[in-house]
């Protein structure tokens, strides 16, 4: 979609930057924040999801390189083996199902996840220690990743159960998202979801992505992760409710 005014361009840049702040700080949340806010403001997910994927790549490469000593590539390979088939299914659904229905279910997903983070995370610690838990979480995450660019919820819950510290938790997730991005970009291209116009807008929005990532990396070192997650939970709940109500089936 072309942005009709400078104001629209600045709004999209702010959405991109906010997503990268969350991403670089916590290791997840960029799609939940940016995709939901973009859908709320513009509604054109088929344009934004592939573009935003390109904008996440610099953050993923930078954080993965910085945390390379914390990466467990064998575990990442197991995640990818389970997620790639369902990632393809999710990408195909994104290109075929009704956009309004897509936005409605995205809103519901964001609301549920936001309330979980806000109300239950500090008090309810789930333990996923069986061998099949990781591939199951990866397969469900693949569908969500292909559909919404939001593969995180099942894998986030799994890695929380491992009791990793902040740096190891972020490194585990970012390494997985980087590998998924490298698969999804050619997949979306094969489905015809990139064009000269979308690549041009990705280039224009790249400075906003870099700026947000820089801020997020500084916050990761300086700010309590728990406090920032409470803030993003409230943001996710508000945007998710509005998104679901606006696109509720009639």
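Just so you know, all these numbers are worked out from the coordinates, no wet-lab data involved. Bear in mind that the values here come from a model prediction, so they are computed numbers and not experimental data. Because the Cβ atoms are built from the backbone with ideal geometry, glycine has one as well, and the counts that use them run over all protein chains shown.
Compute and list, largest first, the equivalent-ellipsoid semi-axes of the range 6-246 from the alpha carbon gyration tensor, each √(5λ) rounded to a whole angstrom. Could the numbers behind the result be given before it?
Values: eigenvalues 118, 80, 72 Å².
Equivalent ellipsoid semi-axes, largest first: 24, 20, 19 Å.
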Three principal axis lengths of the range 32-173 [C-alpha, angstrom, descending]
39, 33, 26
Report the residue, chosen from 82, 127, 196, that carries the largest GNM mean-square fluctuation when the chain is represented by alpha-carbon nodes joined by springs under 10 Å.
196
Could you tell me the distance between the Cα centroids of the range 150-183 and the range 32-84, to the nearest Å?
10
At 222 nm, what value in deg cm²/dmol follows for the chain if DSSP H runs of at least 4 each add -39500 (n - 2.57) and the sum is divided by all its residues, to the nearest 500?
-26500 deg cm²/dmol
Once all Cα-Cα distances of the range 118-250 are split into 5 Å bins that start at 0, what whole-number percent is in each one?
2, 7, 12, 17, 21, 19, 13, 7, 2, 0
Rounded, prolate or oblate: which fits the range 22-108, taking a ≥ b ≥ c as square roots of the Cα gyration tensor eigenvalues, rounded meaning a/c under 1.5, else prolate when a/b beats b/c?
oblate
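When a/c is below 1.5 the answer is rounded, else prolate if a/b is larger than b/c, else oblate, so apply that to the range 179-250 with a ≥ b ≥ c taken from the square roots of the Cα gyration tensor eigenvalues.
Because a/c hits 1.5 or more and a/b fails to exceed b/c, the range 179-250 counts as oblate.
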Given a cut-off of under 8 Å on Cα pairs at least six residues apart, what relative contact order in percent is computed for the range 6-246?
41
Could you sort 43-56, 26-39 so that the peptide with the highest average Cβ count within 10 Å comes first and the rest follow in order?
26-39, 43-56
Please report 156, 110 as a ranked list, fewest other C-beta atoms within 10 angstrom at the top and most at the bottom.
156, 110
Considering every Cα-Cα pair within the range 27-66, what fraction, in whole percent, is farther apart than 16 Å?
37
For 188-194, 238-244, ranked highest to lowest by mean beta-carbon neighbours within 10 Å, the order is 238-244, 188-194
